[in-house]
Amino acid sequence: MSSSPRQMPPQPGCPTTRITEWAALGELNTFGVEAHARWLARLEHPQELPALLALPAFADTPSLVLGGGSNTLFTEDYPGLVVLMANRGIQVESGDGESDRIRVAAGENWDRFVRWSLEQGYCGLENLILIPGSVGAAPIQNIGAYGVEVASFIESVRVWDREASDFRVLAADECRFAYRDSLFKQQRDRFLVTDLTLCLPRQGELRLDYSGVRETLADRGVTEPTARDVAAAVESLRLAKLPNPAEIGNAGSFFKNPVMSRQEADRLAARHPALPVFPLQDGTCKLSAAWLIEACGLKGLRQGAAGVSERHALVLVNHGGASGAEIWDLAEHIRARVGDQFGVQLEAEPVVV
């Protein structure tokens, strides 16, 4: 693709949406891989979305929604329209004194929203602090960390439904939330998330049972933790374990932790007694993908400029100049090694374009 971007004039029906032809995407993905989009539209007002998608220039091209770029790996240039969600806004809509309904625009930064919620006296999201990306990406991946998933607090998600050519509000039970999964991920080409509504409590049970949280609080002399204390502990743990995308390109955890039946997990653990196995409420078990990768001797591996982080085996990194295709080749190598040694197929978390 051409490396010379060209700004289009304002288009009918979407006067505030900035559209760029041959747009560079290197600064719009946390892997920092170089790629270009045939078109890039920076959307600040979702009501302009129908008119944008109806423009003749985009009639026969694919489209992709991009938030913070923290969950996307571009292995090549994108031949269609990339919609960058740039809408902003946090609004407290209603409450009963114990909890509030809060509507958040998809373009808001997730970590900033979590910090805002703590400053306002809410709890629930403290374990999800420092997760990179946008609010709009949160329900798609059903992001989770340290024993908490965002689905527990989502009341509804507002989307543009391409099949119905209309905006819709989907209740949480319509979103098919599962471990790192949702309706929006299952039908990626159908829905564009514009905002979501969460119900956040003022008081609630703190989740301290994930490895390292209680220990970190104890080290700090915290005996009666608040949500802010838990957030500070989780932030400390994440900073110690995970490389900062601002310092070295990465998208956080690259592989999902495999989920399998209790019988399968027991058989695997019998052959590998050190393998961490976590029973889930539905009777299945979750395995540690990081342990599987490290047990294959792959932690710290480098293939050219693509590598596995020396700090965390789940994180693939761009040491500088790696292409998306090279990072994906490394991911495929890891999947093959884990599959050969353990009979477990790892699944990538990021969207691989």
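The table for this structure:
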item	result
Subset tally (residues that are under 21 Å from R190 (Cβ atoms) and part of a helix (DSSP H, G or I)) for the stretch 44-76	9
Matching residues, the stretch 224-253, being over 18 Å from G147 (Cα atoms) and in a loop (DSSP other than H, G, I, E, B)	E224, P243, N244, P245, A246, E247, I248
The stretch 82-119: number of residues that are over 15 Å from the mean Cα position of the chain (by Cα), in a loop (DSSP other than H, G, I, E, B) and among the acidic types (D, E)	2
Scan of the stretch 75-107 for residues that are farther than 19 Å from L192 by Cα and either touching a Phe, Trp or Tyr at 6+ places or on another chain (Cβ under 6 Å) or crowded, with 19+ Cβ neighbours inside 10 Å (or both), ordered by number	T75, S99, D100, I102
Filtered residues of the stretch 123-161 (kept if out of contact with any Pro (no Cβ under 7 Å at 6 or more places or on another chain) and assigned to a loop (DSSP other than H, G, I, E, B))	L125, I129, L130, I131, G133, V135, G136, N142, I143, Y146, G147, F153
Residue check, G339 in a loop (DSSP other than H, G, I, E, B), out of contact with any His (no Cβ under 6 Å at 6 or more places or on another chain), of a type in the set (G, A, S) and free of Cβ contacts under 8 Å to residues at least 24 places away in the same chain	no
Scope the stretch 293-313; condition among the charged types (D, E, K, R) and either closer than 10 Å to R337 by Cβ or outside any loop (DSSP other than H, G, I, E, B) (or both); matching residues	E294, R302
Scope the stretch 58-84; condition over 15 Å from A23 (Cα atoms) and among the small types (G, A, S); matching residues	A59, G67, G68, S70
Residues of the stretch 254-268 classified as polar (S, T, N, Q) and outside any strand (DSSP E or B), total	2
Among (1) touching a helix residue (DSSP H, G or I) at 6+ places or on another chain (Cβ under 9 Å); (2) touching a residue at least 40 places away in the same chain (Cβ under 8 Å); (3) over 30 Å from G339 (Cβ atoms), the one test that F184 misses	(3)
Test set (1) at pLDDT 95 or above; (2) surrounded by fewer than 18 Cβ atoms within 10 Å (Cβ to Cβ) - L200 fails condition number	(2)
Among (1) part of a strand (DSSP E or B); (2) at pLDDT 95 or above - the single one A331 does not satisfy	(1)
Search result, residues across the stretch 15-43 that are surrounded by 21 or more Cβ atoms within 10 Å (Cβ to Cβ), free of Cβ contacts under 8 Å to residues at least 40 places away in the same chain and in a strand (DSSP E or B)	I19
Those residues of the stretch 122-147 which are farther than 21 Å from Q186 by Cα and at pLDDT 95 or above, in sequence order	Y122, C123, G124, L125, E126, N127, L128, I129
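The values are calculated or read from the model by the stated rules, or taken from the named source; none is laboratory data. Computed from a predicted structure; not experimentally measured. Methodologically, a virtual Cβ is constructed for each residue, glycine included, from the backbone with ideal geometry; neighbour enumeration extends over all protein chains shown.
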